[in-house]
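What follows is one structure encoded as structure tokens, with my remarks underneath.
Coordinate-derived values only; no laboratory data. Everything quoted here is computed from the prediction, not taken from an experiment. Methodologically, a virtual Cβ is constructed for each residue, glycine included, from the backbone with ideal geometry; neighbour enumeration extends over all protein chains shown.
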Amino acid sequence: MRVDDERFNLEYHMRHTALPRPGGDDQLKRLAGRIVSQQLDRGKPVWELWIVEGLDGDRFAMISKTHHCMIDGISAVDLASVLLSHSPDPTIPDPQRWKPESAPSRGELVMEEARWRLVSPLEFGNSRSI
């Protein structure tokens, strides 16, 4: 069962930094090494997206850092293809203000667990993440 985090703050996950201009590839590699070597805060959703400005040739970089518990290989490729698209998709609607859904009640959690226990023996090879 999915539960939204009422305290989710996108600004924590979207990071912005810059290299001293004109930043070279070696400087970017050192910065990327420092970023990915820092452990993600396990008290928050375990992903970060860094935008790095200041690269020579009027370039910028994007450094994505996601814990493997959040995404599998195919999902990562799908996400990267959207983020790195050459042209924007004009069919994407303007975002609506996000409002977290209410957490499930105890009764809903009990019913979901009972449903899962009834159905799971019928689903051969089904794995459930805890």
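In region 57-69, the qualifying residues are those that are among the hydrophobic types (A, V, I, L, M, F, W, C) and under 27 Å from ALA18 (Cα atoms), and the one that is farthest from the chain's Cα centre (by Cα) is PHE60. Here GLU11 meets the list (1) in a loop (DSSP other than H, G, I, E, B); (2) closer than 30 Å to SER105 by Cα almost entirely, failing just condition (1).
For region 39-56, taking the residues that are part of a loop (DSSP other than H, G, I, E, B) and either over 17 Å from the mean Cα position of the chain (by Cα) or small (Gly, Ala, Ser) (or both), the one that is surrounded by the fewest Cβ atoms within 10 Å (Cβ to Cβ) is identified as GLY43.
Per-residue answers, yes or no, for (1) touching a helix residue (DSSP H, G or I) at 6+ places or on another chain (Cβ under 9 Å); (2) of a type in the set (Val, Ile, Thr); (3) farther than 28 Å from TRP98 by Cβ:
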{"site": "TYR12", "(1), (2), (3)": "no, no, no"}
{"site": "PRO22", "(1), (2), (3)": "no, no, yes"}
{"site": "ASP25", "(1), (2), (3)": "no, no, yes"}
{"site": "LEU40", "(1), (2), (3)": "no, no, no"}
{"site": "TRP50", "(1), (2), (3)": "yes, no, no"}
{"site": "HIS68", "(1), (2), (3)": "no, no, no"}
{"site": "ASP72", "(1), (2), (3)": "no, no, no"}
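Across region 57-69, the number of residues qualifying as of a type in the set (D, E, K, R) and surrounded by fewer than 16 Cβ atoms within 10 Å (Cβ to Cβ) comes to 2. Inclusion of VAL36 among residues that are of a type in the set (A, V, I, L, M), within 15 Å of the chain's Cα centre (by Cα) and under 30 Å from ALA114 (Cα atoms) is not warranted.
Every residue, every condition in (1) touching a Phe, Trp or Tyr at 6+ places or on another chain (Cβ under 9 Å); (2) under 30 Å from TRP116 (Cβ atoms), yes or no:
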{"position": "HIS16", "(1), (2)": "yes, no"}
{"position": "LEU28", "(1), (2)": "no, no"}
{"position": "TRP47", "(1), (2)": "no, yes"}
{"position": "LYS65", "(1), (2)": "yes, no"}
{"position": "HIS68", "(1), (2)": "no, yes"}
{"position": "GLY73", "(1), (2)": "no, yes"}
{"position": "LEU84", "(1), (2)": "no, no"}
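All conditions but one from (1) closer than 30 Å to LYS99 by Cβ; (2) among the polar types (S, T, N, Q); (3) assigned to a helix (DSSP H, G or I) apply to SER64; the one that does not is (3). Looking for something in a strand (DSSP E or B) and either in contact with a His (Cβ under 7 Å, 6 or more places away or on another chain) or hydrophobic (A, V, I, L, M, F, W, C) (or both) - is there at least one such residue anywhere in region 19-38? Yes, that holds for at least one residue. Among the residues making up region 70-82, those that are under 12 Å from the mean Cα position of the chain (by Cα) and of a type outside the set (D, E, K, R) are MET70, ILE71, SER75, ALA76, LEU79, ALA80.
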